């Protein structure tokens, strides 16, 4: 092989190397120059299946990757053995800044329930970090005794851990159940029920039940005949007519009495005015004035006494009116009681 061939081969290798380097630089420039926001969280459970480079998703949308996995006792001076996971977010994902954990927006989102937790990708066993808003009361932040280096987002237990803990609590509750004692109690209950069933006279109970049903049917039939009778309907109609007539009488009697009570004050006032005029005229007739004054006093006393008697009479009439109204309303609501009196005494118990 001559020198020209070696030269061509060398030139080809150098060109390919340069093109490869340029391609790597061009394709990786976006990743190298991309600005990342670092967060960290602490997980108090196993992170089996989670590796560096595992995706971080917010409600299924990729927002970054896992950059570091370690223990809190390695990174910080503490005795708490939490798993430290540092996350790199690409770009500004949220409407609030994640770069400063002391900013009001970041603090508000944490209080609202922003949490991260371990999630599994299908049946492959690989895991990723899932971010979402959870109930902060049911998912409190872990206690820490150090100052985080990056903004700290609290974590919550994964669904698998929650499920396994629930199943474990169920099995622990089942272990506390005294099965043998429960079976013995059940056997005693079945024995007692069997004895009661053997000693019960079902034939006698059935006969008494049939007699009771027959009596109930007869009573219902009698009530149906009574309600549908023409005499009861006529009595209802007569009672309603009587109540209407009584109401009309009371209404007609109240009008004159009310008018009389309205006219009495005016009559008394007229008498007073007449007395005053007579007093003015009786300056020259002292004796006649005295007699007339006595007559007026007697008339005034008589009117006052009659007014009390009339008022008492009106009160009595009003009481009678109220009684008639109550009787009318009771006749409408309980017509059978108004005609036949109080209901019969309840039937006695079953005869044994």
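Points worth noting:
Residue-by-condition table, conditions (1) surrounded by 10 or more Cβ atoms within 10 Å (Cβ to Cβ); (2) modelled with pLDDT of 90 or more; (3) assigned to a strand (DSSP E or B); (4) at negative phi:
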position: 6; (1), (2), (3), (4): yes, no, no, yes
position: 20; (1), (2), (3), (4): yes, no, no, yes
position: 25; (1), (2), (3), (4): yes, no, no, yes
position: 52; (1), (2), (3), (4): yes, yes, no, yes
position: 57; (1), (2), (3), (4): yes, yes, yes, yes
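Every residue, every condition in (1) at pLDDT 90 or above; (2) under 14 Å from residue 154 (Cβ atoms); (3) touching a helix residue (DSSP H, G or I) at 6+ places or on another chain (Cβ under 6 Å), yes or no:
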| residue | (1), (2), (3) |
| --- | --- |
| 73 | yes, no, no |
| 77 | yes, no, no |
| 85 | yes, yes, no |
| 93 | no, no, no |
| 104 | no, no, no |
| 107 | no, yes, no |
| 111 | yes, yes, no |
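- You will find that of 100, 145, 135, the residue that is closer than 26 Å to residue 165 by Cβ, free of Cβ contacts under 8 Å to residues at least 60 places away in the same chain and not in a strand (DSSP E or B) is 135 and no other.
- Residue identified as in contact with a strand residue (DSSP E or B) (Cβ under 9 Å, 6 or more places away or on another chain) and assigned to a helix (DSSP H, G or I) among 69, 87, 160: 160
The values are calculated or read from the model by the stated rules, or taken from the named source; none is laboratory data. Worth saying up front: this structure is predicted, and the values here are computed from it rather than measured. Using ideal geometry, Cβ is built from the backbone for each residue, glycine included, and neighbour counts are taken over all protein chains shown.
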